[in-house]
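The structure appears below as structure tokens.
The values are calculated or read from the model by the stated rules, or taken from the named source; none is laboratory data. These numbers come from a predicted model, not from an experiment. Please note: Cβ atoms are built from the backbone with ideal geometry, for glycine as well, and neighbour counts cover all protein chains shown.
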Amino acid sequence: MRVVYKDPSTNENKWEILSRKDALKLAKQHSLDLILVNGKAEPPVCRLDAYGQILLEQKKKEKEKKGSQKARSLKEMYIQAGIDPHDLGIKLNKVKEFLEDGHPVKVSLLAKKSALATNLLSLDETTLKVLEAIEGDVGSVQLQANANPNAMRRDYLFNPKPKK
């Protein structure tokens, strides 16, 4: 087997082709572990290193990686057709806030039969206001489900723009 190790006297990486018995003997001399790197290579590649130290470093790296990742969860916002402009502004600001934090947002636009009876275009007007406000500033429309013009509900999925 090919054994890769760091020479303690010169502090340089070295390698030798040794039998398993000699490799274990060398590991014992240096008080290190014999770690199989690639068993499919010809000859198999091993290295001498402190296995406990390697495990500790891997755990630290995984912990750092986990801590730096931000949990992304789908946020939902329901908006009624014909909503007051002030209330719509508050809901849109909240949607923009979610998008800036990196969360995808599902916006459901709802219309009641009574609202559609008085103003047939109330759902379309609200949809346009929402799309103009969100798409231009922060997010982009990814999915447009139930885009039936006669439906009383429209769902849009906004994804945050990638950060530069």
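Looking at Leu55, is it over 30 Å from Asn119 (Cα atoms) and surrounded by 10 or more Cβ atoms within 10 Å (Cβ to Cβ)? Against the criterion (over 30 Å from Asn119 (Cα atoms) and surrounded by 10 or more Cβ atoms within 10 Å (Cβ to Cβ)), Leu55 qualifies. The criterion of being crowded, with 16+ Cβ neighbours inside 10 Å, touching a helix residue (DSSP H, G or I) at 6+ places or on another chain (Cβ under 7 Å) and of a type in the set (Val, Ile, Thr) holds for Val95.
This table checks each residue for (1) in contact with an Asp or Glu (Cβ under 9 Å, 6 or more places away or on another chain); (2) assigned to a helix (DSSP H, G or I); (3) modelled with pLDDT under 90; (4) outside the structural domain of Asp7 (by TED's automatic domain parsing).
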{"position": "Leu56", "(1), (2), (3), (4)": "no, yes, no, no"}
{"position": "Lys59", "(1), (2), (3), (4)": "no, yes, no, no"}
{"position": "Lys91", "(1), (2), (3), (4)": "no, yes, no, yes"}
{"position": "Leu99", "(1), (2), (3), (4)": "yes, yes, yes, yes"}
{"position": "Gly102", "(1), (2), (3), (4)": "no, no, yes, yes"}
{"position": "Ser108", "(1), (2), (3), (4)": "yes, no, yes, yes"}
{"position": "Thr126", "(1), (2), (3), (4)": "no, yes, yes, yes"}
{"position": "Val141", "(1), (2), (3), (4)": "yes, no, yes, yes"}
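Scanning the stretch 32-81 for residues that are in contact with a strand residue (DSSP E or B) (Cβ under 7 Å, 6 or more places away or on another chain) and among the basic types (Lys, Arg), we see that the one that is farthest from Asp155 (Cα to Cα) is Arg47.
Just one of the numbered conditions (1) in contact (Cβ under 8 Å) with a residue 24 or more places away in the chain; (2) under 30 Å from the mean Cα position of the chain (by Cα) is not true of Lys113: (2). Looking for something more than 26 Å from Met1 (Cβ to Cβ) and over 24 Å from the mean Cα position of the chain (by Cα) - is there at least one such residue anywhere in the stretch 69-79? Taking every residue of the stretch 69-79 in turn, at least one turns out to be more than 26 Å from Met1 (Cβ to Cβ) and over 24 Å from the mean Cα position of the chain (by Cα). Apart from one condition, Lys75 fits all of (1) over 30 Å from Asp124 (Cβ atoms); (2) free of Cβ contacts under 8 Å to residues at least 40 places away in the same chain; the exception is (1). Within this structure, Ile17 fails the test of being in the same structural domain as His103 (by TED's automatic domain parsing) and among the β-branched types (Val, Ile, Thr). Taking first residues from the stretch 41-52 that are among the β-branched types (Val, Ile, Thr) and partners that are surrounded by 11 or more Cβ atoms within 10 Å (Cβ to Cβ), the Cβ contacts under 7 Å between residues at least 6 apart in sequence or on separate chains come to Val45/Arg2; Val45/Val4; Val45/Val37; Val45/Asn38.
For the stretch 5-26, a tally of residues being at pLDDT below 90 and in a strand (DSSP E or B) returns 6.
A count restricted to the stretch 2-34 and to residues that are in contact with a helix residue (DSSP H, G or I) (Cβ under 6 Å, 6 or more places away or on another chain) and aliphatic (A, V, I, L, M) stands at 2. Look at (1) touching a helix residue (DSSP H, G or I) at 6+ places or on another chain (Cβ under 9 Å); (2) not in a loop (DSSP other than H, G, I, E, B) and you find that Gly82 fails only one, number (2).
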